[in-house]
Ligand code: ATP
């Protein structure tokens with residue numbers, strides 16, 4: 001019977017999500033297998049974010065009964081700082097992002113933004129405070145301008161132009177015959193991986209959230225494009241609280257703080273230099289990835 005209800009639940013969820021206009025489409029498709037939806041407590045107040053700190057307090061979570069993914073996890077990200085979350089595949093990194101965006105509530109423990117328990121705040125207000133730059137952004141078959149403004153109701157032309165500048169899209173816009181009116185997506189102009197990432201960044205800038213959740217692309221961009229995107233991201237991180245979920249350590253080595261997650265638990269934490277000096281899991285992953293990088297570089301020669 002559950003099987004039967006799931007598609008209906010999903011449709012309802014998709015409809016609500018589109019109506020709320022808060023979630024990036026890529027994120028939405030990626031979460032399609034979500035069959036639980038968190039409910040607001042009746043009369044739940046909106047989150048008020050003055051100092052966008054993020055705090056996980058003894059958070060335990062699993063998708064299925066009997067399989068715990070995050071175990072009694074506690075950490076704090078101070079307002080205005082960047083924390084990276086790294087760790088082996090399946091460690092639970094993306095799950096932390098999904099809990100912060102409140103796709104699920106923790107089974108135990110609390111998640112606080114600026115001291116307020118997000119499970120008790122209005123869901124839409126939690127999502128409005130967080131901008132996600134996902135791994136793979138999906139573009140709508142619509143104009144470039146529409147794709148940038150999506151998610152921020154009432155964004156005017158000036159806001160879209162400013163966001164495009166902030167995301168270093170101006171060069172592309174100038175090259176396009178119809179500028180922001182150019183049709184993009186499957187049926188329009190196909191954008192490159194790097195350009196799509198820039199649209200996602202511009203979309204986030206229009207929303208202007210105090211908290212950023214970066215979910216690093218696993219599909220590697222070429223080195224130069226990647227460096228340019230990283231520079232752009234570093235620029236937009238200024239003045240915001242950032243949580244960066246990363247697979248490649250080279251992209252987060254300069255984060256204020258790095259949390260190393262292993263099987264749902266915090267194995268190590270510190271900055272890049274102190275984690276290397278410690279000679280533990282991070283140092284091991286770094287050495288491993290460094291040798292992969294040099295092999296790739298040799299192969300490219
Ligand atoms: P990766 O680096 O490979 O992206 P990760 O550290 O981000 O991995 P998560 O995506 O958080 O890991 O997944 C942690 C665990 O939770 C994995 O074992 C995964 O199979 C499981 N998991 C993820 N999503 C779901 C879901 N919707 N339902 C059930 N289990 C899930």
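The values are calculated or read from the model by the stated rules, or taken from the named source; none is laboratory data. Worth saying up front: this structure is predicted, and the values here are computed from it rather than measured. Here the Cβ is made from the backbone with ideal geometry for all residues, glycine too, and neighbour counts use every protein chain on show.
Observations on the structure shown:
So that you can scan it fast, the table gives a plain yes or no per residue for (1) under 26 Å from residue 43 (Cβ atoms); (2) away from the ligand (no atom under 16 Å from the Cβ); (3) in contact with a helix residue (DSSP H, G or I) (Cβ under 6 Å, 6 or more places away or on another chain):
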residue	(1), (2), (3)
95	no, no, no
118	yes, yes, yes
125	yes, yes, no
136	no, no, yes
142	no, yes, no
146	no, yes, no
152	no, yes, yes
164	no, yes, yes
168	no, yes, yes
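- Only a single item in (1) modelled with pLDDT of 90 or more; (2) not in a loop (DSSP other than H, G, I, E, B) is not met by residue 196, and it is number (1).
- All conditions in (1) within 14 Å of the ligand (Cβ to nearest atom); (2) closer than 23 Å to residue 247 by Cβ; (3) modelled with pLDDT of 95 or more hold for residue 106, with the sole exception of (2).
- Close pairs from region 76-92: first more than 14 Å from residue 243 (Cβ to Cβ), partner buried (at least 20 other Cβ atoms within 10 Å of the Cβ), Cβ under 7 Å, at least 6 apart: 91/261; 91/264
- Being over 21 Å from the mean Cα position of the chain (by Cα), within 24 Å of residue 70 (Cβ to Cβ) and modelled with pLDDT of 95 or more holds for only one residue in 281, 261, and it is 281.
- In region 183-193, of all residues being in a loop (DSSP other than H, G, I, E, B) and out of contact with any strand residue (DSSP E or B) (no Cβ under 7 Å at 6 or more places or on another chain), the one that is surrounded by the most Cβ atoms within 10 Å (Cβ to Cβ) corresponds to 185.
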